[in-house]
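Student: Pasting a structure below so you can have a look.
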Amino acid sequence: MREKHRSAASCTPPAARNQEQIFSREPGRETAMAKDILGEAGLHFDELNKLRVLDPEVTQQTIELKEECKDFVDKIGQFQKIVGGLLELVDQLAKEAENEKMKVSG
């Protein structure tokens, strides 16, 4: 009857008990091992612990590139406005020059 009341640890096979002891001695090791394995497979956890395909460094570089591209597009838009204004001014000056030529020749 005493054998029926054995603890769960004594029912666990010796190999499993050794693994439990290894992991219990080093907290966080399972998590680190899992992250290493996932990292080798190209999967990563972000700051919210969501699984991502891109490496966090690549993700950060992508965000920075996106911001730089937006700034570039904004500057190109400003440049186009300036050039458009300059073209209008040159057209206006050309018309005035033509009018002056007509006055002089006529």
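The values are calculated or read from the model by the stated rules, or taken from the named source; none is laboratory data. Predicted, not measured: the structure shown is a model, and the values here were computed from it. Backbone-built Cβ (ideal geometry, glycine too); neighbour counts: all protein chains shown. These area figures cover heavy atoms from the full protein model, side chains too; ligands, DNA and RNA do not enter into them. Shrake-Rupley method; radii C 1.70, N 1.55, O 1.52, S 1.80 Å.
Student: Of the residues LEU89, LEU38, LEU54, LEU43, which is open to solvent by less than 100 Å² (accessible area, probe 1.4 Å) and in contact (Cβ under 8 Å) with a residue 12 or more places away in the chain? Walk me through it before giving the result.
Tutor: On the way: LEU89 fails: in contact (Cβ under 8 Å) with a residue 12 or more places away in the chain; LEU54 fails: in contact (Cβ under 8 Å) with a residue 12 or more places away in the chain; LEU43 fails: in contact (Cβ under 8 Å) with a residue 12 or more places away in the chain.
From the options LEU89, LEU38, LEU54, LEU43, the qualifying one is LEU38.
Student: Continuing with this model, one more query. Can PHE79 be described as of a type in the set (Phe, Trp, Tyr) and at pLDDT 95 or above? Walk me through it before giving the result.
Tutor: Working: of a type in the set (Phe, Trp, Tyr): yes; at pLDDT 95 or above: yes.
When the stated conditions are applied, PHE79 passes them.
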